[in-house]
Amino acid sequence: MMAAIPVVVPALAALVIAGVRKLWSETQSRAPDVAYYIREAAKIAVSAAEQSGAAGFIKDKKEYALELAEAWLAEQKITVDVRLIEAAIEAAVYDEINKPKLAE
């Protein structure tokens with residue numbers, strides 16, 4: 001059973017990621033205004049998490065970013081599936097942090 005874990009875990013992760021991407025795509029097409037707010041919340045949260053993490057104020061940047069984005073969206077009276085926020089945060093991390101590094 002332990003030998004199957006390295007094979008099963010990445011497969012399950014791929015399924016979850018595919019599901020989140022599909023859900024995000026559907027949200028963008030059905031509710032572009034909501035998708036805009038989710039993207040903005042994610043960008044703000046990722047920037048704040050990076051700064052707070054660099055300063056040593058937080059330990060888990062992803063958790064902090066997720067909490068911050070959820071709180072900001074709640075203030076805007078927007079309630080969405082947490083998986084959408086997670087997907088937007090992952091996209092923002094790629095766009096804001098990883099993509100520029102790959103371009104170098």
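The values are calculated or read from the model by the stated rules, or taken from the named source; none is laboratory data. No experiment lies behind these values; they were computed from the predicted model shown. Note that each Cβ is placed from the backbone with ideal geometry, even for glycine, and that neighbours are counted across all protein chains shown.
Worth a mention:
- A87 being modelled with pLDDT of 90 or more, on the phi < 0 side of the Ramachandran plot, small (G, A, S) and surrounded by 15 or more Cβ atoms within 10 Å (Cβ to Cβ): no
- Among (1) assigned to a helix (DSSP H, G or I); (2) of a type outside the set (A, V, I, L, M, F, W, C); (3) modelled with pLDDT under 90 - the single one T79 does not satisfy: (1)
- Any helices (runs of 4 or more DSSP H) falling wholly within segment 1-75 and containing at least 1 residues that are under 18 Å from Y94 (Cβ atoms), modelled with pLDDT under 75 and hydroxyl-bearing (S, T, Y): 5-30
- For beta carbons closer than 6 Å, sequence separation of 6+ or different chains, a first residue in segment 52-81 that is under 21 Å from I38 (Cβ atoms) and a second that is assigned to a loop (DSSP other than H, G, I, E, B) and of a type outside the set (S, T, Y), the qualifying pairs are S52/I58; Y64/I58.
- Residue in segment 88-99 that is within 25 Å of L15 (Cα to Cα), in a helix (DSSP H, G or I), small (G, A, S) and touching a Lys or Arg at 6+ places or on another chain (Cβ under 6 Å) present: yes
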